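Peer 1: Structure provided below as structure tokens; questions to follow.
The values are calculated or read from the model by the stated rules, or taken from the named source; none is laboratory data. As the structure is a prediction and not an experimental result, all values here were calculated from the model. In this analysis, Cβ positions are derived from the backbone assuming ideal geometry, glycine residues included, and neighbour counts consider all displayed protein chains. Surface areas here come from the heavy atoms of the whole protein model, side chains and all, with no ligands, DNA or RNA. Shrake-Rupley method; radii C 1.70, N 1.55, O 1.52, S 1.80 Å.
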Amino acid sequence: MKKYALVTGATSGIGKEIALKLTQKGFSVIAVGRNQAELTILSEKYGMIPNVCNLSNRDECVSLWEKYKEYDICTLVNCAGFGYVSDFDKISIDDDVKMANVNVLATQILTKLFSSSMKNGVILNVCSAAAFSPEPLMASYAASKSYVYSYSLAVDYELKRRNSNVRVRILCPGAVSTPFEKTAKVKNPLPSISAERCAEYAIKAIEGKRTVTVTGFKMKASRFLSRIAPEKLVLAVQYKIQGSKR
Ligand SMILES: NC(=O)c1ccc[n+]([C@@H]2O[C@H](COP(=O)([O-])OP(=O)(O)OC[C@H]3O[C@@H](n4cnc5c(N)ncnc54)[C@H](OP(=O)(O)O)[C@@H]3O)[C@@H](O)[C@H]2O)c1
């Protein structure tokens, strides 16, 4: 019997690498994105099932679930997302709303709906190290990832308490080389890992038992430090880091 994986953000960067790895593992991958040309390539070259969907639209998120709810989906990867490095008031309200819709609401809607229709398996929500603390000059993006982190952790706990066969996993990458920076209109001076390496962490997260996977020792250390350092210091350090990207 065919086992399906649905991957959002499959047209680029981390999501694309995760989709390729799941294909190699024998999943029939439903690739979701807006970029029709890239979806066609994924379909023709790798046999993925292409699905155009604008995840900033609530109704399109619900329709995506309605289309695939009867499929035996055992892996859902919510990877679509983007952010901006900017003074908070220089981002237009439209861009803020689109970002919140894709990063937060689409992830929330798809987690809620697919956890009800999946018989078993894993929902991997691609979060970020940005979830660990507020980030001045990347305020809405970091806040969106904190929301996803908190929501995913809580939902996973509820599912565990219900003895559900579906579990939620959270992937928190640090910097990854992808077109993300182009969208964010930044040049990240910090060391980054490749999208392929990040996808390896994603597969481990899907197959493993840990709820939260943080990519690499440096990111784990920065998570620990952001927990114990005074908030004022964390804000000042983040302001400097984000400022250096502009
Ligand atoms: N790169 C990093 O340093 C980094 C670090 C931590 C976390 N992350 C997270 O990793 C995830 C993937 O980012 P990436 O680095 O791989 O960036 P990317 O290469 O720019 O990919 C972003 C993906 O999101 C999809 N997307 C954006 N808006 C969409 C919309 N309205 N509807 C449907 N799909 C939409 C894009 O597909 P279409 O263009 O086809 O719509 C694309 O496939 C994001 O959630 C990001 O926050 C990235």
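Peer 1: How big is the dipole moment of the stretch 105-246 about its Cα centre under a simple scheme where the beta carbon of each Lys and Arg is +1, that of each Asp and Glu is -1, and everything else is neutral? Debye, nearest 20, please.
Peer 2: It comes to approximately 140 debye.
Peer 1: While we're on this one: Leaving ligands, DNA and RNA out of it, rank CYS74, CYS61 by accessible area with a 1.4 Å probe, largest first.
Peer 2: CYS74, CYS61
Peer 1: Between GLY47, LEU6, PHE27, whose Cα lies farthest towards the positive end of the dipole of the stretch 1-67 when Lys and Arg beta carbons carry +1 and Asp and Glu beta carbons carry -1, centred on the Cα centre?
Peer 2: PHE27
Peer 1: Once the convex hull of the C-alpha atoms of the stretch 73-168 is built, how many Å³ does it hold per residue, rounded to a whole number?
Peer 2: Per-residue hull volume (Cα only) is 80 Å³.
Peer 1: Could you run the Karplus curve 6.51 cos²θ - 1.76 cosθ + 1.60 with θ = phi - 60° over the stretch 200-215 and give me ³J(HN,Hα) per residue in whole Hz, x for Gly and Pro?
Peer 2: 4, 4, 4, 5, 4, 5, 5, 8, x, 10, 6, 6, 10, 10, 10, 7
Peer 1: Also: Quickly estimate the mean residue ellipticity at 222 nm for the chain, helices only: each DSSP H run with n ≥ 4 gives -39500 (n - 2.57), and the total goes over all residues, rounded to 500.
Peer 2: That calculation yields -15000 deg cm²/dmol at 222 nm.
Peer 1: Quick one: which of LYS90/LYS182; LYS67/LYS112; LYS112/LYS209; LYS25/LYS45 span more than 19 angstrom between C-alpha atoms?
Peer 2: Distance filter (> 19 Å) returns LYS112/LYS209.
Peer 1: Straight distance only, please: which lysines reach the Cα of LYS240 with their own Cα at less than 16 Å, same-chain residues fewer than 8 apart left out?
Peer 2: The reachable lysines, counting only those whose Cα sits under 16 Å from LYS240, are LYS187, LYS232.
Peer 1: So with the 1.4 Å probe, I'd like the accessible area per residue for the stretch 4-244, rounded to whole Å².
Peer 2: With the other protein chains kept in place, the stretch 4-244 gives 50 Å² per residue.
Peer 1: Can you compute 3J(HN,Hα) from phi for each residue in the stretch 22-36, using the Karplus curve 6.51 cos²θ - 1.76 cosθ + 1.60 with θ = phi - 60°, rounded to whole Hz and x for Gly and Pro?
Peer 2: Result, ordered by residue: 5, 4, 4, 7, x, 6, 7, 8, 8, 9, 10, x, 9, 7, 4 Hz.
Peer 1: Here's another thing I want to ask about it. If you place +1 on the Cβ of every Lys and Arg, -1 on the Cβ of every Asp and Glu, and leave all else neutral, what size is the dipole of the chain about its Cα centre, to the nearest 20 Debye?
Peer 2: The dipole of the chain has a size of about 840 debye.
Peer 1: Starting at the first residue of the stretch 96-113, write each ³J(HN,Hα) from the Karplus equation 6.51 cos²θ - 1.76 cosθ + 1.60 with θ = phi - 60°, in whole Hz, x for Gly and Pro.
Peer 2: 4, 5, 4, 5, 4, 5, 6, 5, 9, 5, 4, 4, 5, 5, 5, 5, 4, 6
Peer 1: So if the hydrodynamic radius of the chain is defined as the Kirkwood radius over C-alpha pairs, what does Stokes-Einstein give as its diffusion coefficient at 37 °C and 0.692 mPa s, in µm² per second?
Peer 2: 181 µm²/s
Peer 1: For LEU124, which sequence-distant residues (separation of 5 or more, or a different chain) have an amide H within less than 5 Å of its own amide H, given hydrogens modelled in the peptide plane?
Peer 2: Counting only residues 5 or more places away or on other chains, the set is LEU76, VAL77, ASN78, ARG169.
Peer 1: So for the pair ILE228, GLU66, with labels modelled 7 Å out along Cα→Cβ, what separation do we get in nm?
Peer 2: 5.2 nm
Peer 1: Pull up all non-local amide H partners of VAL214: gap of 5 or more, or a different chain, and H-to-H distance under 5 Å with H placed in the peptide plane.
Peer 2: Amide H to amide H, under 5 Å and 5 or more residues apart or across chains, VAL214 pairs with CYS172.
Peer 1: In the full protein assembly as shown, how much of THR23 is accessible to a 1.4 Å probe, in Å² to the nearest 10?
Peer 2: The accessible area comes out at roughly 40 Å².
Peer 1: Choose one answer from VAL186, VAL102, VAL122: the residue with the largest mean-square fluctuation in a GNM of the chain with alpha-carbon springs under 10 Å.
Peer 2: Most flexible of the set in this elastic network: VAL186.
Peer 1: Can you give me the orientation-averaged projected area of the convex hull built on the Cα atoms of the stretch 6-152, in nm²?
Peer 2: That works out to 8.6 nm², a quarter of the Cα hull's surface.
Peer 1: Same structure, new question: Please express the Cα-Cα pair-distance distribution P(r) of the stretch 122-246 as a list of whole percents, one per 10 Å bin, running from 0 to the bin with the greatest distance.
Peer 2: The calculated distribution, bin by bin, is 13, 42, 34, 11, 1.
Peer 1: So for the chain, taking the charge dipole from beta-carbon charges (+1 Lys/Arg, -1 Asp/Glu), which of THR211, ASN125, PRO179 sits furthest toward the positive end?
Peer 2: Going by the charge dipole, the pick is THR211.
Peer 1: Of SER140, ILE170, VAL104, which is farthest on the positive side of the dipole of the chain, counting Cα position, with +1 on Lys and Arg Cβ, -1 on Asp and Glu Cβ, and the Cα centre as origin?
Peer 2: ILE170
Peer 1: Right, here's the next one. Between ASP87 and LYS25, what length comes free when the chain is fully extended (0.36 nm per residue of separation minus the Cα-Cα distance, one decimal in nm)?
Peer 2: 18.1 nm is the gain from fully extending ASP87 to LYS25.
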